[in-house]
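> Shown below is the structure under consideration.
The values are calculated or read from the model by the stated rules, or taken from the named source; none is laboratory data. Since the model is a prediction, treat every value here as computed from it, not as a measurement. Here the Cβ positions follow ideal geometry from the backbone for every residue, glycine too, while neighbour counts run over all protein chains shown. The accessibility values were calculated without ligands, DNA or RNA, using every heavy atom of the protein model including side chains. Shrake-Rupley method; radii C 1.70, N 1.55, O 1.52, S 1.80 Å.
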Amino acid sequence: MKLSRNILITISLVISLNFTCGQLTGGLNPCASCNSNDKCYIDTCNWSTGCFHNPVTCNSNNKCVVDGCHPTLGCTTSAKNCDDNNPNTYDFCDVNLGCQNLPFTCSATSTCTNTSPCQVQFILNDKCCTYAKTCNDNNPCTTDQCNTATGQCQNTAVTCNDNNPCTIDQCSSTTGLCQFAAKSCDDNNACTLDSCNTANGNCQYTAVVCNDNNPNTVDECFPAVGCVYHSASSCDDNNACTVDSVNSTTGQCQYTRRVCAQDTFCTRWSCDPVNGCTASSPNCDDNYPCTVDFCDSVSQSCAHKTKSCFDNNRCTFDQCNPANGQCLTTS
């Protein structure tokens, strides 16, 4: 019997190891054939959902190359072709800006004499050709120009300022136009008047005055709805079993049933219109006068303890009279 048990344990361990190492095939192991042998995918497997083949992200962060992927080689790059098929443009690639196609002009001579650092010259068909150095950073919120003294590009941020501290000034990254949005001072409180101080740009909040000049109404302000004017008469209905309040939207009296504490076996709650929530205990009387009957708060049930008639005198016989519950003592 012990031998059979050991054999079963050994078989169980072998099956467990095979599952862990992915050696079982077919429907038993969903991860047995997850290798796509394609370097353009990352192969993963989840025992619950099976194989996943996630594409590899190939990005060289170079605007002058085209990123691709080969199943055997993995990520590949090739030079970007910037030829726009226009013989009147000088085509090249800038690693930061990408393809540049700059119009150029050619002189009648083959000698280049221009010394401006913002002009680029080259010989084409035995003629000197010139194009302006580009300083465009493709950011509509900058002013781009070439420094004629140094030849360096200058990209100066557009200044958007309407000299109003109560607006948020910014340049649109889409259009390059200045935008001036009013500063929000809303505190989501209907009981304050919210505004912006045009002198310093600070938000200021002034309490709303709720007064309908009617002596027969009570004027109140609720942050969610603002001013509410309701009848000056009291909402008290003299019923301790209702919660009396004023509806903050309509200003009318409303009465909600008062909810007392939750009942337990030993404590029963009820509501009295005069006294409100009151507690009472269940009747645990077993109609036997020789027991002390009470509700046990620990077990949440009625308990019946035998009445003790012991008078601390071992020379007397003490017992309880089941007829009336009185103790009887005899010598």
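> Among the numbered conditions (1) assigned to a strand (DSSP E or B); (2) open to solvent by 70 Å² or more (accessible area, probe 1.4 Å); (3) in the same structural domain as residue 220 (by the TED database); (4) not polar (S, T, N, Q), tell me where residue 244 comes up short.
(2)
> Follow-up. Would you check if there is a residue in the stretch 224-237 being surrounded by 13 or more Cβ atoms within 10 Å (Cβ to Cβ) and either of a type in the set (Asp, Glu) or modelled with pLDDT of 95 or more (or both)?
no
> Considering only residues that are small (Gly, Ala, Ser) and assigned to a loop (DSSP other than H, G, I, E, B), which ones fall in the stretch 248-282? Spell out how you get there, then give the answer.
Of the stretch 248-282, the ones small (Gly, Ala, Ser) are 248, 251, 261, 270, 276, 279-281.
Those that are small (Gly, Ala, Ser) and assigned to a loop (DSSP other than H, G, I, E, B): 248, 251, 261, 281.
> Moving on. So, of the residues in the stretch 45-69 that are open to solvent by 50 Å² or more (accessible area, probe 1.4 Å) and modelled with pLDDT of 90 or more, which turns out to be farthest from residue 83 (Cα to Cα)?
Top of the filtered list is 54.
> Here is a follow-up. Give the residue, chosen from 100, 145, that is more than 30 Å from residue 57 (Cβ to Cβ) and not in a loop (DSSP other than H, G, I, E, B).
145
> Still on this structure, I have one more. Conditions first: (1) more than 27 Å from residue 241 (Cα to Cα); (2) under 45 Å from the mean Cα position of the chain (by Cα). Residue 291 passes all but one, so which condition is the exception?
(2)
> Has the stretch 305-324 got at least one residue that is within 29 Å of residue 257 (Cα to Cα), modelled with pLDDT of 90 or more, part of a loop (DSSP other than H, G, I, E, B) and of a type outside the set (A, V, I, L, M)?
no
> Any chance you could count how many residues in the stretch 186-204 are more than 13 Å from residue 222 (Cα to Cα), touching a strand residue (DSSP E or B) at 6+ places or on another chain (Cβ under 7 Å) and of a type outside the set (Asp, Glu)?
Total meeting the criteria: 6.
> Same structure again: Give all pairs with beta carbons closer than 9 Å in which a residue from the stretch 42-58 that is closer than 8 Å to residue 30 by Cα meets a residue that is acidic (Asp, Glu) and outside any loop (DSSP other than H, G, I, E, B); count only pairs at least 6 apart in sequence or on separate chains.
Hits for this filter: 51/43.
> Yes or no: residue 135 assigned to a loop (DSSP other than H, G, I, E, B), crowded, with 16+ Cβ neighbours inside 10 Å and at pLDDT 95 or above? First the steps, then the outcome.
Working: assigned to a loop (DSSP other than H, G, I, E, B): yes; crowded, with 16+ Cβ neighbours inside 10 Å: yes; at pLDDT 95 or above: no.
Taking the combined requirement at face value, the residue does not satisfy it.
> Between 221, 196, 302, which is surrounded by 14 or more Cβ atoms within 10 Å (Cβ to Cβ), out of contact with any Lys or Arg (no Cβ under 6 Å at 6 or more places or on another chain) and more than 30 Å from residue 320 (Cα to Cα)?
From the options 221, 196, 302, the qualifying one is 221.
> Inspect all residues belonging to the stretch 173-196 and state whether any of them is in contact with an Asp or Glu (Cβ under 6 Å, 6 or more places away or on another chain), modelled with pLDDT of 95 or more and part of a strand (DSSP E or B).
Looking for residues that are in contact with an Asp or Glu (Cβ under 6 Å, 6 or more places away or on another chain), modelled with pLDDT of 95 or more and part of a strand (DSSP E or B), one finds at least one in the stretch 173-196, hence yes.
> Is the stretch 107-124 home to any residue that is loosely packed, with under 12 Cβ neighbours inside 10 Å, of a type outside the set (Gly, Ala, Ser) and assigned to a strand (DSSP E or B)?
No, that holds for no residue.
> Next question, about the same structure. Restricting attention to the stretch 35-44, report how many residues are farther than 11 Å from residue 74 by Cα, open to solvent by less than 90 Å² (accessible area, probe 1.4 Å) and not small (Gly, Ala, Ser).
Going through the stretch 35-44 one residue at a time, the tally reaches 2.
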